[in-house]
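Below you'll find the structure, written out as structure tokens, and then a few comments.
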Amino acid sequence: MEIFRALKNFKPQIGLVILLTFGNALGELFLPRLMSLVVDTGVAKGDTDYILKMGLIMIVVVILTVLCRGSAAYYSSKVTMAYSADLRHDLFSKINQLTVNETEYFGISSLITRTTDDVNQVEQMVLMGLRPLVRGPLMFVGGLIMALTTNLRLSLVFPITIPFIGLGIYYVIKSALPFFPILQKRLDNLNQLFRRRLRGIRVTRAFSRDDLEEDIFRQANQDYYEIALKVNKIIINVIPILGIFLNVALVFVMYFGARLIDQNQLAVGELMAFIQYITQVLMALIMLSFLITMIPRTWASMVRINEVLDYPVHEIEGDESFQGPMEKLEAKNLTFSYPQAKRPVLNQVNFSLEKGQTLGIIGGTGSGKSTLLRLLLKFYKPTGGQILVDGQDIQDLKTEDMRREMSYVPQKNFFFSKSVKDNLLYSNQDASDEDLREALSQAEALEFLGENPLNEEMNRGGENFSGGQRQRLAIARALNRQASLYLFDDSFSALDYVTDRKVRQGLVEKTQEAMVVIVGQRVATIRHADKILVLEAGEVVGYGSHDDLLRESPVYREIALSQGEVVDHEE
Ligand SMILES: Nc1ncnc2c1ncn2[C@@H]1O[C@H](COP(=O)(O)OP(=O)(O)OP(=O)(O)O)[C@@H](O)[C@H]1O
Ligand SMILES: [Mg+2]
């Protein structure tokens, strides 16, 4: 499993923890024996020298034991924390490699739970389990040997008690095990609902659906509560039962031990030692049983973490490096279906574009325009056909190299809660303040930004700006990068006609040497493009210049007519 790989990095430290725990267990096993010698040889015969000598040895053993125990604890927490940090890091970088599709497959909430709660679960297990896991078996076997060598007949108590304790452990594992994966799933669900509640707050409020949301959340919370309660009940019930077994065993030992002493077959010190050994052995068993109850729960978390770590990255990361600029872009019979979708979102799409040219894409909602841009960005892998850049299939190119040559304005804008400057620098870190101002000016964004445009804060991901203002900031961010392919996904829809035209003029200056793909709902936005692609339900129903399309494509003509774009404004 991928999840254990990170643990391998800590072999030496884990070895040290095992060694120290070994020393600790050894010390604890020998102390009762030393004590029995003090009682039976020293006290019984009144040999003060012997008592002092043994006392001194005991002090040394205690000091060594404590030292071993302390440093084992220290190193095991060190290892654990480093391990869980590694695990989080591995998860994070793996998630970064997933395609958008794959992220959707896991679900964002689930990915968050896996990186936080599941990692915590594993961390707790390693932290609490590493030492007991070594100590438990040692104390069990060691204690047994010591008890057997102390008194064979008293040791009969073990075969009588151990099966009962084993039964208790078996019961816990059998009854609690199936619940753990469900528990984590319900936690996922809770997180997801919480996210949805917060993100959808405006819609919820506007339609007065707070009660509904509250009910859904309450139900999910209740579901989680019930199953968590069930699991904990099972575990909690077993603790007192195991305690009873331990104490009954002790009573037996004392009763029969006293009789053996009466018959002169056992010394007082030996009985004292024996009582300590039986406690050690049974406690070790109980401790191990708790660890075992933790294992299934942790196992569920480990499987979830591992699912992400082991997930084969489908994104075709090409091997060939690509040095820009891009000079030619072609789509050949490009076809794409989202997973689980019945029909393709794009079907046999063809177009080609050269340096300095603009491609306009128009079509009804859901016709596949945004999907086409996402394919160009390699967010998804085409299900058929090819996208070629300078004659090379983009699946063969290194994704990072390719994306470095592109600049993108998504349909749904996203900003960080930082200053305008930091948000713009996201597309190009090396830009000077002067460059940034120019990009803002080209995107017509200076007019609403005030005296110090770069220092304006974008709060809560830019929600302190209007939709049209955010679009212009997103355009400025895209223009701030020197790319050879610019992609604008419906980036002008919220702009009024005048601003739309001005921004497109700014764009022309910046993108003269590049290729530009503009998705638009308005004919005015794309009519000046060198080529226009008309999409309808994923099919190309027109491809050519504005004038060609007016003549040849009934769909385009209808759109243009409905928008009053058949007469040329600029005449
Ligand atoms: N992540 C997704 N998973 C599954 N189906 C999707 C996904 N995104 C989009 N679709 C489907 O693909 C089709 C095309 O969507 P797309 O976003 O490309 O349309 P569009 O032309 O950009 O529409 P709009 O003009 O409304 O932005 C739609 O029918 C939509 O239901
Ligand atoms: Mg779209």
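The values are calculated or read from the model by the stated rules, or taken from the named source; none is laboratory data. If you're wondering where the values come from, they're calculated on a predicted model, not measured in any experiment. Cβ coordinates were reconstructed from backbone atoms using ideal geometry, including for glycine residues, and neighbour counts include every protein chain displayed. The area values use the complete protein model at the heavy-atom level, side chains included, leaving out ligands, DNA and RNA. Shrake-Rupley method; radii C 1.70, N 1.55, O 1.52, S 1.80 Å.
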Count of residues meeting criterion [surrounded by 15 or more Cβ atoms within 10 Å (Cβ to Cβ) and either away from ligand 1 (no atom under 16 Å from the Cβ) or in the same structural domain as L98 (by TED's automatic domain parsing) (or both)] in the range 308-327: 9
Residue satisfying condition, being of a type in the set (V, I, T), farther than 30 Å from S71 by Cβ and surrounded by fewer than 16 Cβ atoms within 10 Å (Cβ to Cβ), within set I169, I160, I165, I145: I160
Enumeration of residues in the range 337-351 that are within 14 Å of ligand 2 (Cβ to nearest atom) and touching a strand residue (DSSP E or B) at 6+ places or on another chain (Cβ under 6 Å): V345, L346
R470 vs. criteria in contact with a Phe, Trp or Tyr (Cβ under 9 Å, 6 or more places away or on another chain), among the basic types (K, R), modelled with pLDDT of 90 or more and not in a loop (DSSP other than H, G, I, E, B): yes
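One line per residue, one yes/no per condition, for (1) within 28 Å of the chain's Cα centre (by Cα); (2) more than 29 Å from G15 (Cβ to Cβ); (3) in a helix (DSSP H, G or I); (4) not assigned by TED's automatic domain parsing to the domain that holds L34:
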| residue | (1), (2), (3), (4) |
| --- | --- |
| T65 | no, no, yes, no |
| S71 | no, no, yes, no |
| Y75 | yes, no, yes, no |
| S84 | yes, no, yes, no |
| P132 | no, no, yes, no |
| G136 | no, no, yes, no |
| L144 | no, no, yes, no |
| T149 | no, yes, yes, no |
R527 open to solvent by 40 Å² or more (accessible area, probe 1.4 Å) and either more than 16 Å from ligand 1 (Cβ to nearest atom) or over 30 Å from L436 (Cβ atoms) (or both): no
Matching option when the condition is more than 16 Å from ligand 2 (Cβ to nearest atom) and farther than 26 Å from E509 by Cα, among E354, E320: E320
For M128: the one exception among (1) under 17 Å from the mean Cα position of the chain (by Cα); (2) closer than 29 Å to I275 by Cβ: (1)
Residues of the range 418-446 classified as touching a helix residue (DSSP H, G or I) at 6+ places or on another chain (Cβ under 7 Å), open to solvent by less than 80 Å² (accessible area, probe 1.4 Å) and either within 16 Å of ligand 1 (Cβ to nearest atom) or not in a helix (DSSP H, G or I) (or both), total: 6
Hits in the range 357-383 (condition: more than 22 Å from T511 (Cα to Cα), surrounded by 15 or more Cβ atoms within 10 Å (Cβ to Cβ) and over 28 Å from the mean Cα position of the chain (by Cα)): G363, S367, G368
Subset of the range 460-519 [away from ligand 1 (no atom under 16 Å from the Cβ), open to solvent by less than 10 Å² (accessible area, probe 1.4 Å) and of a type in the set (D, E)]: D500
Candidates F140, F164 - the one that is closer than 30 Å to R33 by Cβ and modelled with pLDDT under 85: F164
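Rundown of residues vs (1) within 15 Å of ligand 2 (Cβ to nearest atom); (2) not in a strand (DSSP E or B), yes/no style:
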residue: Y486; (1), (2): no, no
residue: L495; (1), (2): no, yes
residue: V498; (1), (2): no, yes
residue: K502; (1), (2): no, yes
residue: L507; (1), (2): no, yes
residue: V517; (1), (2): yes, no
residue: T525; (1), (2): yes, yes
residue: G542; (1), (2): no, no
residue: L550; (1), (2): no, yes
Test: G46 is open to solvent by less than 40 Å² (accessible area, probe 1.4 Å) and either more than 20 Å from L127 (Cβ to Cβ) or modelled with pLDDT of 90 or more (or both): no
Test for Q348: is it more than 26 Å from P181 (Cα to Cα), open to solvent by 50 Å² or more (accessible area, probe 1.4 Å) and either touching a residue at least 12 places away in the same chain (Cβ under 8 Å) or within 15 Å of ligand 1 (Cβ to nearest atom) (or both): yes
First in the range 489-500 and assigned by TED's automatic domain parsing to the domain that holds G363, second anywhere and assigned to a helix (DSSP H, G or I) and polar (S, T, N, Q), Cβ under 6 Å, 6 or more apart: D489/S370; S491/Q471; F492/T525; A494/Q471
Unmet criterion (only one of (1) farther than 15 Å from G538 by Cα; (2) within 16 Å of ligand 2 (Cβ to nearest atom); (3) not β-branched (V, I, T)) for G364: (1)
Output for the range 5-36, where each listed residue is aliphatic (A, V, I, L, M) and over 18 Å from P132 (Cα atoms): A6, L31, L34, M35
